[in-house]
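Values quoted throughout were computed directly from the atomic coordinates according to the rules given, and no laboratory measurement underlies them. Since the model is a prediction, treat every value here as computed from it, not as a measurement. Here the Cβ positions follow ideal geometry from the backbone for every residue, glycine too, while neighbour counts run over all protein chains shown.
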Amino acid sequence: MPKSARDVPPPLELLCLKALWSLQQGRVKDVQAIVSQTRPLAYTTIMTVLDRLVHKGKLTRQKVGRAFLYSPQTPRDEMRRAAIRELVDGYFDGSEEQLIAFLRGAGHAAAAAVGGAPASVGEDDARSDTGLR
C-alpha cells in the first residue's frame with residue numbers, strides 16, 4: 001500500500017510557508033527576501049518550492065502582470081495541529097496523554113539538570129492569575 005503524502009511539509013517548504021504567512025501574500029521575490037535572511041537560496045529554487053506547494057494545495061497563486069502572487073491556502077494553526085498530530089501518532093501511539101506525561105517528565109529532568117524546580121503543565125495559568133510571568 002503506498003504511503004500517503006504528509007500533511008507536514010519538509011523544512012524548505014515550511015520556511016516558504018512561514019514567509020507567506022507573515023506576508024499574507026507575495027511574489028517569489030518577496031518570499032526570497034524573507035527566506036534569504038536565514039537561508040540564501042536562488043530565485044528559481046524558491047519558485048520551484050512555491051510551485052510544489054501550489055500543487056499540494058497549500059498555496060494559491062494568481063497571475064498579476066508578469067509575475068504570480070502566492071497566498072497561503074492552509075492556515076498556520078492547521079499546519080501546527082497536523083504537525084502535533086504526526087508527532088503524537090508517530091512517537092506516542094496516538095496518545096495525547098503520553099505526550100503530556102513525557103513533557104512533564106522532560107520538565108522534571110531538565111530542571112533537575114540545572115538544579116531548579118520544574119514547572120508543570122498548567123503552572124503558567126496560576127502565574128498569570130497572580131500577575132507573575
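List of remarks:
- Spin-label model distance (nm) - ARG52 vs LEU103, 7 Å beyond Cα toward Cβ: 3.0 nm
- LEU59 long-range amide H proximity, modeled H, under 5 Å: VAL54, GLN73
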